[in-house]
Every structure is written in C-alpha cells, then in structure tokens.
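To start, the structure itself, in structure tokens.
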Amino acid sequence: MIHDLHMHSSASDGSLDPAELVDYVREHGVDVMSITDHDTVDAYAALKDVELGGVTLIPGIELSTTWMGRGVHVVGLNIDIETEALQSGIAAQTAARHQRAELIADRLARAGIDHPLEAVAALAGNTAIGRPHFARHLVDTGVVRNVRAAFQKYLGAGKPGDVRMLWAELPEVVEWIRLSGGIAVLAHPAKYGLTWTRLRALLDDFRRAGGAGIEVVCGRQDDATTRRLATLASEFGLAASSGSDFHSPKQHWTRPGGFPPLPSQLEPVWTRW
Ligand code: AMP
Ligand code: MN
Ligand code: MN
Ligand code: MN
C-alpha cells in the first residue's frame, strides 16, 4: 500500500484543483492520500461530492509556524476539519497570510519592484497568497528568469520577502491538530538547513508540545538522509510518515507516491488511525 500523506492542491500553492489532484494521484497508484494545503482545508469542501474512485483520503493540513525565528512546517493528519480550535487557528493563519502578503509586497516595492500585491492576488485567485505566487509574478514580469531565482534573490530565507514572525508558535499549531483529533507530524525535517544537533532540539520541543510523528521519507531525498531521519524517529519515539510534497505535474522531480517505502523498523503513522 502506497501512502502519500503530503500534497498540495490549488487551494494553496498547488496547480491542480482538488478533484484533478485526486484523479492524478489515483493514476499514480497511490492507495492512501492526504491533501495538506498550506494553512487551509478548503480542498475538502471542494471534494464533498466528488467520487474518489478507490483512493482513501485522510483529511490533512500543513501549518506554518515559527521555531527559534525560523519557518517550520507541521503537517496535521487525520484531523476533524470541523473542530472549533482548528477552524479558529486556520482563520488566524489566513489573516496572518494576508498581512504577510502586504508586508512582502512593501518590501519588494522597496527593493525596486513595482508594487505587486494586486497582480499577485489575481494570480492566487481565491486562495491565500503564498510566496510561490510572488515568485510566479516575478517570473511573469521578467524580474527573474525562474522560480528558483525568485526565491534565491527575493523570497528565500534571509531575503527581502522573507517575513516569518506572523505565524502561530509551534506548540500552538500542534495543539490545534491534537484538539482536532489529528496527529502532528514534523514536515520535511531535512529542509530547514538545521544541523543535526539543532534538529534534535527542534524534535525535543516538538515532542514536548505533543508532536507525534515525523516525515522520514519526503519527496526526493538521498538514502543517507532517510536513514538519519529513521534514527531520529526511533530515538524520539515518533511515528513515521511518507509524502511527496507534490505541487504540480510540471515539477517533474516529484510525483505522487514517487518515493521509497518507509524503513521497516519504524511505526508508520497510519497505524494510529
Ligand atoms: P509560503 O507558504 O508562502 O511561505 O511559501 C512556501 C512554499 O514556497 C513552499 O511550500 C514551497 O512550495 C515553495 N518554496 C519554498 N522555497 C522554494 C524554493 N527555493 N524554490 C521554489 N519553491 C519554493
Ligand atoms: Mn508549497
Ligand atoms: Mn512545507
Ligand atoms: Mn508542503
């Protein structure tokens, strides 16, 4: 059974709408999937009357948070979307995202880019604005050659468009997930640029806050990283999750289910629901 428990739809920064995503994921042979959009569960409302065609859908979300001034993501799996605490948390994150979009636009304007908020909001459609929408705008207007360069120059860690302090703190987002009956999973632990010592400190705090899982396999990563993350999962007594962090068929380096199985000694997160 292939479990892909980390993916994005057009409700956040993915390119496929929720129903297209379900079809695409099923075509890739995934058995159990979760749509984990950034700070929103809107995809699930869009799927209410959609035939899933045999794939099992686990309600999920990817929440933005800060830890020690750094942006860290927590995936909530098997959540009850209707839970009040989660809904109000999402509302706060949505407000923070709007506020952040204005700050990013201001900072980019000061860096010499024509005030971009209106165009970026149009690109994002009805969904919350994220940095990928700013990146696309910078590419479309010829400021940079590609999305990668947009992050390198303007949006990535330490760059003008990097505004991080608006998100809820780590223990808070873990608590929303727990109160909604879900499992809090630390997303893509190898992608924060932390040393292994710092990553252990993060996992320690995450555990203390009620975090119960860790993505041991996330998208394309080398075997050595997977082995080290497996060791951390065992050391901290965390359940292991796997996901592609799929955003778009155009990103040919990720596809739904396109990753190796979890190391067999670990407890898969899906044994918990
Ligand atoms: P946000 O949620 O607005 O902070 O945007 C974060 C999203 O931007 C991530 O989930 C990725 O989809 C995307 N992203 C982050 N860093 C990069 C990068 N270096 N190149 C391309 N996309 C990125
Ligand atoms: Mn994303
Ligand atoms: Mn993420
Ligand atoms: Mn993601």
Residues of the stretch 12-27 being under 12 Å from the mean Cα position of the chain (by Cα) and either buried (at least 22 other Cβ atoms within 10 Å of the Cβ) or away from ligand 1 (no atom under 11 Å from the Cβ) (or both), in sequence order, are Ser12, Gly14
Collect the residues in the stretch 28-41 that are charged (D, E, K, R) and buried (at least 21 other Cβ atoms within 10 Å of the Cβ), keeping them in residue-number order.
-> Asp37, Asp39
Per the filter on the stretch 216-253, residues polar (S, T, N, Q) and surrounded by fewer than 21 Cβ atoms within 10 Å (Cβ to Cβ) are Gln221, Thr225, Thr226, Thr231, Ser234, Ser248, Gln251
Options Ile214, Ile183: the member that is in contact with a helix residue (DSSP H, G or I) (Cβ under 7 Å, 6 or more places away or on another chain) and away from ligand 3 (no atom under 16 Å from the Cβ) = Ile183
What are the residue pairs meeting all of these: first residue in the stretch 1-26, first residue under 19 Å from Glu51 (Cα atoms) and among the basic types (Lys, Arg), second residue part of a loop (DSSP other than H, G, I, E, B) and away from ligand 2 (no atom under 11 Å from the Cβ), Cβ atoms under 8 Å, and 6 or more apart or on different chains?
-> Arg26/Leu52; Arg26/Gly53; Arg26/Gly54; Arg26/Val55
(1) within 30 Å of Lys153 (Cα to Cα); (2) more than 14 Å from ligand 1 (Cβ to nearest atom): which one isn't true of Thr40, the others all being true?
-> (2)
Residue hits (the stretch 51-67; in contact with an Asp or Glu (Cβ under 9 Å, 6 or more places away or on another chain) and away from ligand 2 (no atom under 14 Å from the Cβ)) are Gly53, Gly54, Val55, Thr56, Pro59, Thr65, Thr66, Trp67
Find the residue count for the stretch 1-21, including only residues that are touching a helix residue (DSSP H, G or I) at 6+ places or on another chain (Cβ under 9 Å) and more than 16 Å from ligand 4 (Cβ to nearest atom).
-> 3
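All of the numbers you see were taken from the coordinates with simple rules; none came from a lab. Computed from a prediction, not measured in an experiment: that's the story for all the values here. Please note: Cβ atoms are built from the backbone with ideal geometry, for glycine as well, and neighbour counts cover all protein chains shown.
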